[in-house]
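Peer 1: Have a look at this one.
The values are calculated or read from the model by the stated rules, or taken from the named source; none is laboratory data. Remember, predicted model here, so these are calculated numbers, not experimental data. Ligands, DNA and RNA are stripped out before the accessible areas are found, and what is left, the full protein with its side chains, is counted by its heavy atoms. Shrake-Rupley method; radii C 1.70, N 1.55, O 1.52, S 1.80 Å.
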Amino acid sequence: MTEDSQRNFRSVYYEKVGFRGVEEKKSLEILLKDDRLDTEKLCTFSQRFPLPSMYRTLVWKVLLGILPPHHESHIQVMTYRREQYSDLLHALQVVRFVSDARPQVEVYLRMYQLESGKLPRSPSFPLEPEDRVFLAIAKAMEEMVEDSADCYWMIRSFVNQLKKKYRDSLPQLPKAFEQYLNLEDSRLLSHLKTCSALPLLPYDLWFRRCFAGCLPESSLQRVWDKVVSGSCKILVFVAVEILLTFKIKVMALNSAEKITEFLENIPQDSSDAIVSKAIDLWHKHCGTPVHSA
């Protein structure tokens, strides 16, 4: 038996006995043992495979630039990050902008606003649309990350990635969604056009909030693995797969409002299957990454 066929046999066996991803986990552990982490290889791994939950926070922090690639600097840098977090929190408490009664996600928002010079004069000022996006992402991240300082830095860095790295790409995603849905099911796309639903689809929920508030934590993490590691295009294929999964339901609805309302509140029990199929679709149309995107 050749080395490749042995590996394939082992992979099939692992999947059958419930250890899918055992070899991938070992590969990641080897990458994480390097004195200087190779961010390009970590990106490639994250694009190809779901990250094991025990390593997700570390990999995200490195890929988002919260931690440097050098292992020896991690403790020192994270100590500095925690001091920054404490200083921001203290400053907000001094000016009475936050209190213990405030939800933690609102505290994260005020910290982010203070850091970016956009803190309003009063906490009673109405929220801007970008603030609501921040809160949605913060609420989802809070379910994934236990430590408050880690959580703030990951929210902050994730939001900044959307604003900077993906600034030009995100507005193009609705058009890409239409293109790939047409390739997968032109009849479904025609139905959306007939109902005048296309412009009213929940693009804000899908592409600006990256499905925060739409998918449960276990499914959302797998999508965000791809976003963090360099591909916002995965969001398009999740949206396409949602339409394909609920095609019968959507085809039975004849008003744009009802279609949008349904898509904003899809059943949660299909989420893991939707994300798995979406990743397959993404690889089908965009190829399996062999280097970082």
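Peer 1: Mind telling me which of Tyr180, Tyr55, Tyr112 comes out most flexible in a GNM of the chain, alpha-carbon contacts under 10 Å?
Peer 2: Ranking Tyr180, Tyr55, Tyr112 by mean-square fluctuation puts Tyr55 first.
Peer 1: Here is a follow-up. Tell me whether the chain comes out rounded, prolate or oblate; compute the Cα gyration tensor, take square roots of the eigenvalues as a ≥ b ≥ c, and use a/c under 1.5 as the rounded threshold. Before the final figure, lay out the partial values.
Peer 2: On the way: a/c = 2.16, a/b = 1.09, b/c = 1.98.
It comes out oblate by the Cα gyration axes.
Peer 1: Helix by helix through the chain, keep the DSSP H runs that span 27 Å or more along the axis on Cα and average at least 0.5 on Kyte-Doolittle, and give those back in order. Spell out each step's value before the answer.
Peer 2: Values: long enough: 74-94 (30 Å, -0.43).
For the chain, where a helix must reach 27 Å along its axis and average at least 0.5, there are no hits.
Peer 1: Now for a separate question. Can you spot the lysines whose alpha carbon is less than 27 Å from Lys258's alpha carbon? Ignore those fewer than 8 places along the same chain.
Peer 2: Lys139, Lys175, Lys193, Lys233, Lys247, Lys249, Lys277
Peer 1: Okay, next question. Quick check on region 27-162: take the gyration tensor over C-alpha atoms, sort the square-rooted eigenvalues as a ≥ b ≥ c, and tell me if it's rounded (a/c under 1.5), prolate or oblate.
Peer 2: Here region 27-162 falls in the prolate category.
Peer 1: Give the accessible surface of the chain per residue, rounded to a whole number of Å², with probe radius 1.4 Å and ligands, DNA and RNA excluded.
Peer 2: Values: 15540 Å² over 293 residues.
Per-residue accessible area for the chain comes out at 53 Å².
Peer 1: Relative contact order, percent, of the chain when contacts are C-alpha pairs under 8 Å separated by at least 6 residues?
Peer 2: Values: 263 pairs, mean separation 64.4, N = 293.
It rounds to 22 percent for the chain.
Peer 1: Then there's this: Under the rule of -39500 (n - 2.57) per DSSP H run of 4 or more residues, summed and divided by the residues of the chain, what mean residue ellipticity at 222 nm is obtained, to the nearest 500 deg cm²/dmol? Present the calculation step by step, with values, prior to reporting the outcome.
Peer 2: Numbers: 15 runs with 188 residues, N = 293.
Only helices count here, giving -20000 deg cm²/dmol.
Peer 1: I would also like to ask the following. If I compute solvent accessible area with a 1.4 Å probe over the protein chains, what percent of it on the chain is carbon and sulfur?
Peer 2: 50 percent
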